[in-house]
Amino acid sequence: MSGIIAPKDLGRRTERLINYDSLPPLPAPYDQWPEPKFAEIKPEWREKYCTSLDGCVAIDTMRPPASDEEKKAFVEKFLQGLGKLFSDANNGVRQPLELSFEYCAKCNTCSEACHVFQASGGQEPHRPIFRAEVLRKLYRSHFSGMGALRRALSASEIDATWETIGRLGELAYRCNLCRRCAQACPLGLDNSLFAKEIRKIFSQEMGLAPTPLHDKGSMLQLKVGSSTGIGKAAFLDMVEFLEDDTGERIGQSIKIPVDKKGADILLYHNAGEFVAWPENPAAYAILFNKAGLDWTLSSEVMTYDSVNYGIWYDDIQAKKIALKQIEAMKALGIRRVVVGECGHAHKAALIVSDRLIRAEERLPVESSLPLLAEMVTKKQIRFDPAKNPFPVTLHDPCNLVRQMGVVKPQRDILQALCPAFREMTPHGVDNYCCGGGSGFAIMNSPNFSSFRNQVSGRMKFAQILNAFTLEMTDQSLPKYVCAPCSNCKGTLREIFEVYKATEQYNLQYGGLVEIMVNAMAELKQPYLEFLQ
Amino acid sequence: MLFGIGAYVAAGLFLALSALRAYRLNRLPLHGRMELYPAPAEKGRKHGGSYLEEPEWWTKPRQVSHMAELAEMGGEIVFIKRLFHGSRSFWLASWPFHFGMYCLFVWTLLLILTALTGAGNVEALRVLTALCGFLGFLLGGAGSLILLARRLADKRLRIYTTPQEYLNLILLFAAFLTGACLWFGDGLFSDSARLAMRNILTLSYTPPGVLAAVHLLLVYGLLIYIPIGKMSHYVGKFFAYHRFLWDNAANLKNSGMAAQVDRALKNKPQTVWSAPHANPAPAAGQEGEKT
Ligand code: SF4
Ligand code: SF4
């Protein structure tokens, strides 16, 4: 489609509204590389999904309505949900939502801050206020109490058609909910709210959500205790295997306590770590044991997986999971909960669930990063920074940093243990999202990964390349991106694969504890696999 | 006399409607935590950190700097800091416009003061009044005109701008323009404005011509219109920062927040969501479902 796409064009009858054929160039050495091909839409997908936004599919459960009646019912259901956003069904968000809904000055300061908008080459539908403006117009057309005059004054000329609403649903999954735009807004408004609220209408009212988040995510977790599908017995097996494997790897036996009664700390991991990056929970075990902490893992349902996918798309699911987790933890007899390297789990356990339940009814929860920093700053463990001579940079997970203010502990660690540590630009609370935030990291099929790897993850990849400008082409030198978050690691893994960054340039990624263990003076062998 | 009464009514409505808006926003239910960093009240954490950087944070006293928060808010109000850093070209129009408004606010107060006390002859006050008036009308007028022109000229801004937003800028510009023509026709010193103010306050003002009548009607109309529309962001901005982005109060036993949470949990929502998984669970409000 040519010309600037305005909010009213969202319903335009065209096969595809956005093309990604002129993405901004990446820094060297990728300025010399052809851009990997975007996954193409298969013809049959048009019958099964809404492909007409940008050719990518996030809501794989949204079938295009077959008849006019179905289209009408689809739109009505959406509008019904839209009305509920401003009702007591949505009390937990109403004040921020109404502020953001009412006061936007359309100054577009937020657009400069948005990595998706910038990385898409400034495609209008990715502008943070685009979704908000569509929602405003739809709301004013259908719910405004002041009738025709108000409609005329607010130019509510958007038709609520299947095309508009279907694309709006998809568009809600082109925002990482990273809230960098909110940080930049002079009026303190938050456009990520609109993406999240649209997702909520789709899920909570229309029953439509991406399968990895809902059916294979929060529903599975509520059923078996973990979105990985791992049950208690399998979890115990994995821990046992981890003890053996890690013992071999570091040349000394290691004990991972599970279900230890009366322990001070429950260490709360994203269970995906045990499957994808077992060296991370193993490194935690090494450090916690060495620092003499009284800790345990738990094999009880809802206490060995800290994830809560609900916080990305559905408040009801988020709340159900959070409350079940809290209840289950209380039964363990531990004193406090310490969250491992997972950004969204941090936010779910410390921030989102904070006001869901009476203060008396919950256990204290904290991040593991301050504890880890103490191991270094208080010299609880002996480290040798010379073991980490290679260049290291740090990715700041949005949930942990911008949305929780846990900024310094990880820097204290890396500055002390990595002589070649350097920051990305920008960093800390001003960081860019990895591109996998809000569920994108686990959404792959049918072709959503193309959007994540090449658009939403683009800014982060560019930042990483810029952090290693001088060393990038030296294949013999590993370059380590420390990402203390499961979802961010998953995203980096995919980006590095698509751009062959590890293969060609020895670009590595991993967590914080792994690089700490690698620097432990007493270990004879390197802990990081790429050094072995 | 009518114009005198009109001034009191318009000013009264401005205050009452602004207060009503604040009251309404304040009454909205307690929301979940959604803070964003940097939060300036976090003492000693200029890097953007929070109390969550402390091990066992709930056992340690909160270090809060209200001064830092006030300074941040002040910078935002007077200088529009975020716009300056994030969108310089917009700031070049928006800041003069807002600063012009502030100048006119001070100008009005000075006019009232000097009209009531007869201090209009005190040279320093006279010069200060002149300066505020001159800067106010100049910056406000120029700012609103540039904002309007920008919206019309920039296609990407135009597609988001509603007729109401154009109307707002046109009304404001018209008020600045008519004001500048009216009060500075006899020089920069606001003497005619002071005299008019005295007559308005004592309900004895009759506009000397159409220009004065139009200007005052515009000003009175704006005073009533501003608090009912989105130009009332002077109220919204307070809530957006203090009750939303910087609200990181934890729900700890015996804290003020715990009391608020307890109250909120008692409110059972009447409206429910329709998706199958949403039922029979209660809607995502504040009540605590125990499953
Ligand atoms: S920065 Fe804030 S006020 Fe400006 S366009 Fe974005 S949301 Fe609206
Ligand atoms: S939350 Fe992040 S991705 Fe979404 S609009 Fe804002 S800056 Fe862009």
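Numbers for the structure displayed
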item: Out of B:268, B:253, sole residue that is among the charged types (D, E, K, R), within 8 Å of another protein chain (Cβ to nearest Cβ) and either open to solvent by 40 Å² or more (accessible area, probe 1.4 Å) or not in a helix (DSSP H, G or I) (or both); result: B:253
item: Count of the stretch A:404-451 residues which are at pLDDT below 95 and more than 24 Å from residue A:192 (Cα to Cα); result: 1
item: Qualifying residue in the stretch A:395-415 (condition: surrounded by fewer than 20 Cβ atoms within 10 Å (Cβ to Cβ) and hydrophobic (A, V, I, L, M, F, W, C)); result: no
item: Number of the exception - residue A:247 against (1) surrounded by fewer than 22 Cβ atoms within 10 Å (Cβ to Cβ); (2) touching a Phe, Trp or Tyr at 6+ places or on another chain (Cβ under 9 Å); result: (2)
item: Options A:138, A:99: the member that is part of a helix (DSSP H, G or I), away from every other protein chain (no Cβ under 11 Å) and hydrophobic (A, V, I, L, M, F, W, C); result: A:138
item: Residues of the stretch B:42-53 that turn out to be open to solvent by less than 10 Å² (accessible area, probe 1.4 Å) and either over 27 Å from residue A:412 (Cα atoms) or assigned to a loop (DSSP other than H, G, I, E, B) (or both), as a count; result: 3
item: Residue among B:62, B:82, B:33 that alone is of a type outside the set (A, V, I, L, M, F, W, C) and more than 7 Å from chain A (Cβ to nearest Cβ); result: B:62
item: Whichever residue in the stretch B:1-16 is open to solvent by 70 Å² or more (accessible area, probe 1.4 Å) and at pLDDT 95 or above and, among such residues, is nearest to residue A:428 (Cα to Cα); result: B:15
item: Selection from the stretch A:59-79 of residues that are without any contact (Cβ under 8 Å) to a residue 24 or more places away in the chain and within 25 Å of residue A:445 (Cα to Cα); result: A:63, A:66
item: Filter result (within 19 Å of residue A:39 (Cα to Cα), within 12 Å of ligand 2 (Cβ to nearest atom) and either within 14 Å of chain B (Cβ to nearest Cβ) or assigned to a helix (DSSP H, G or I) (or both)) within the stretch A:409-450; result: A:440
item: Condition check for residue B:10: under 17 Å from the mean Cα position of the chain (by Cα), among the aliphatic types (A, V, I, L, M) and away from chain A (no Cβ under 12 Å); result: no
item: Some residue of the stretch B:138-150 being within 14 Å of chain A (Cβ to nearest Cβ), touching a strand residue (DSSP E or B) at 6+ places or on another chain (Cβ under 6 Å), touching a residue at least 12 places away in the same chain (Cβ under 8 Å) and open to solvent by less than 80 Å² (accessible area, probe 1.4 Å); result: no
item: Residue match in the stretch A:347-354 (condition: in contact with a helix residue (DSSP H, G or I) (Cβ under 8 Å, 6 or more places away or on another chain), in a loop (DSSP other than H, G, I, E, B) and surrounded by 22 or more Cβ atoms within 10 Å (Cβ to Cβ)); result: yes
item: Condition met for residue B:123 (loosely packed, with under 15 Cβ neighbours inside 10 Å, among the charged types (D, E, K, R) and more than 16 Å from the chain's Cα centre (by Cα)); result: yes
item: Which listed residue is over 28 Å from residue B:159 (Cβ atoms) and either part of a loop (DSSP other than H, G, I, E, B) or assigned by TED's automatic domain parsing to the domain that holds residue A:191 (or both), from A:89, A:105; result: A:89
item: Among the residues listed as B:39, B:19, the single one being open to solvent by less than 20 Å² (accessible area, probe 1.4 Å) and either modelled with pLDDT of 95 or more or more than 14 Å from chain A (Cβ to nearest Cβ) (or both); result: B:39
item: Options A:79, A:85; residue that is open to solvent by 10 Å² or more (accessible area, probe 1.4 Å), more than 7 Å from every other protein chain (Cβ to nearest Cβ), touching a helix residue (DSSP H, G or I) at 6+ places or on another chain (Cβ under 7 Å) and among the hydrophobic types (A, V, I, L, M, F, W, C); result: A:79
item: Top-ranked residue of the stretch A:17-41 - restricted to ones that are surrounded by 13 or more Cβ atoms within 10 Å (Cβ to Cβ) and over 26 Å from the mean Cα position of the chain (by Cα), ranked as modelled with the lowest pLDDT; result: A:33
item: Lone qualifier among B:97, B:105 - being within 16 Å of ligand 1 (Cβ to nearest atom) and either more than 10 Å from chain A (Cβ to nearest Cβ) or within 30 Å of residue B:202 (Cβ to Cβ) (or both); result: B:97
item: Single unsatisfied condition, residue A:475 versus (1) at pLDDT 95 or above; (2) closer than 22 Å to residue A:275 by Cα; result: (2)
item: Cβ pairs under 9 Å, 6+ apart, first in the stretch A:102-122 and within 11 Å of chain B (Cβ to nearest Cβ), second among the hydroxyl-bearing types (Ser, Thr, Tyr) and within 14 Å of ligand 2 (Cβ to nearest atom); result: A:122/A:111
item: Positions within the stretch A:296-343 being away from every other protein chain (no Cβ under 13 Å), of a type in the set (A, V, I, L, M, F, W, C) and touching a helix residue (DSSP H, G or I) at 6+ places or on another chain (Cβ under 6 Å), in sequence order; result: A:307, A:312, A:342
item: Residues that are within 15 Å of ligand 2 (Cβ to nearest atom) and more than 12 Å from every other protein chain (Cβ to nearest Cβ), drawn from the stretch A:161-190; result: A:168, A:170, A:171, A:172, A:173, A:174, A:175, A:176
item: Positions within the stretch A:194-220 being outside any loop (DSSP other than H, G, I, E, B) and open to solvent by 10 Å² or more (accessible area, probe 1.4 Å), in sequence order; result: A:196, A:214, A:215, A:216, A:219, A:220
item: The stretch A:106-141 - residue that is among the small types (Gly, Ala, Ser) and within 16 Å of ligand 2 (Cβ to nearest atom) and, of those, most open to solvent (accessible area, probe 1.4 Å); result: A:121
item: Index of the failed condition, residue A:328 passing every other in (1) open to solvent by less than 20 Å² (accessible area, probe 1.4 Å); (2) hydrophobic (A, V, I, L, M, F, W, C); (3) closer than 30 Å to residue B:265 by Cβ; result: (1)
item: Any hit, the stretch B:91-104, residues being part of a helix (DSSP H, G or I), more than 18 Å from the chain's Cα centre (by Cα) and touching a residue at least 60 places away in the same chain (Cβ under 8 Å); result: no
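The values are calculated or read from the model by the stated rules, or taken from the named source; none is laboratory data. The structure presented is a predicted model; accordingly, all values stated were derived computationally and were not measured. So basically every Cβ, Gly included, is an ideal-geometry build from the backbone, and we count neighbours across all protein chains shown. These accessible areas exclude ligands, DNA and RNA; they are computed on the full protein's heavy atoms, side chains included. Shrake-Rupley method; radii C 1.70, N 1.55, O 1.52, S 1.80 Å.
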